[in-house]
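Asker: Dropping a structure here in structure tokens format, bear with me for questions.
The values are calculated or read from the model by the stated rules, or taken from the named source; none is laboratory data. Just so it is clear, the structure is predicted and the values come from calculations on it, not from any experiment. All Cβ positions, glycine included, derive from the backbone under ideal geometry; neighbour counts span all protein chains shown.
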């Protein structure tokens, strides 16, 4: 698997004569694994570098693409599967192309140099069921997107950018979707968010994306496209 990755480190210049990037830090900010699923989706799409990298995978012109979160009406009925649409991308200039994402958050945490643990793998099976339901609703494309929140701060790698929680359980994340009955039309995306120093993930870290499988494009019905249009009439 190949990830397209951006690593970033934001530092205040001030009156410092020397600034070190991607260095050890005495900060002890909250772990990236504490961020909720809803919050991490919005944070990603507000991160300039990631947003451009992500949207360009699906649209030639990303300047007009709109993002919608946690949608129910007019696509699903409250209380029924898939519950809601975690993320929807639409270019208002071409409403026939709506791209829906069922998102599951997983947490990988380095305990020490030798040990790491991963939580949330059991959610993938549920995500497969929900993503399959997306496909049946009539979107142009439907995806299962797995976001791995990776806290590798307790690793001792001299190069901090190489610190990452790694175990067989972490590696297993990348095979689970293929072991489940995922509809052949549905695509699979992995997002890796890596916190490798004590600084907050908004200040220092890396963001990687791997489209393991592109979703099969479907022709939206006129009736369904009118539902998409309603998003812009509110």
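Asker: Let me confirm something: among 51, 42, 16, which residue is closer than 30 Å to residue 231 by Cα and at pLDDT below 95?
Answerer: On the way: 42 fails: at pLDDT below 95; 16 fails: closer than 30 Å to residue 231 by Cα.
Of 51, 42, 16, the one residue that is closer than 30 Å to residue 231 by Cα and at pLDDT below 95 is 51.
Asker: While we're looking at this one, here's another question. Listed residues 96, 107; which is within 21 Å of the chain's Cα centre (by Cα) and part of a strand (DSSP E or B)?
Answerer: Values: 96 fails: within 21 Å of the chain's Cα centre (by Cα).
Result of the check over 96, 107: 107.
Asker: Please go through segment 110-122 and give me each residue that is surrounded by 16 or more Cβ atoms within 10 Å (Cβ to Cβ) and either under 17 Å from the mean Cα position of the chain (by Cα) or more than 11 Å from residue 150 (Cα to Cα) (or both), ordered by number.
Answerer: 118, 120, 121
Asker: Would you check which residues across segment 32-59 are assigned to a loop (DSSP other than H, G, I, E, B) and crowded, with 16+ Cβ neighbours inside 10 Å and list them?
Answerer: If the condition is that a residue be assigned to a loop (DSSP other than H, G, I, E, B) and crowded, with 16+ Cβ neighbours inside 10 Å, then 35, 47, 58, 59 are the ones that fit.
Asker: Which is under 30 Å from residue 66 (Cβ atoms), surrounded by fewer than 16 Cβ atoms within 10 Å (Cβ to Cβ) and modelled with pLDDT of 95 or more, of 143, 214?
Answerer: It is 214.
Asker: Checking residue 41 against (1) under 14 Å from the mean Cα position of the chain (by Cα); (2) farther than 22 Å from residue 152 by Cα: exactly one of these is not met. Which one?
Answerer: (2)
Asker: From the list 209, 201, 129, 124, pick out the single residue that is farther than 14 Å from residue 106 by Cβ and assigned to a helix (DSSP H, G or I).
Answerer: One residue alone meets the criteria, 129.
Asker: From the residues in segment 60-73 that are assigned to a strand (DSSP E or B) and more than 22 Å from residue 129 (Cβ to Cβ), which one is farthest from the chain's Cα centre (by Cα)?
Answerer: Quick first cut of segment 60-73, residues assigned to a strand (DSSP E or B) only: 66-72.
Next, only the ones that are more than 22 Å from residue 129 (Cβ to Cβ) stay: 66-67.
On the way: 66: 16, 67: 13 Å.
Step by step, filter segment 60-73, then rank; the result is 66.
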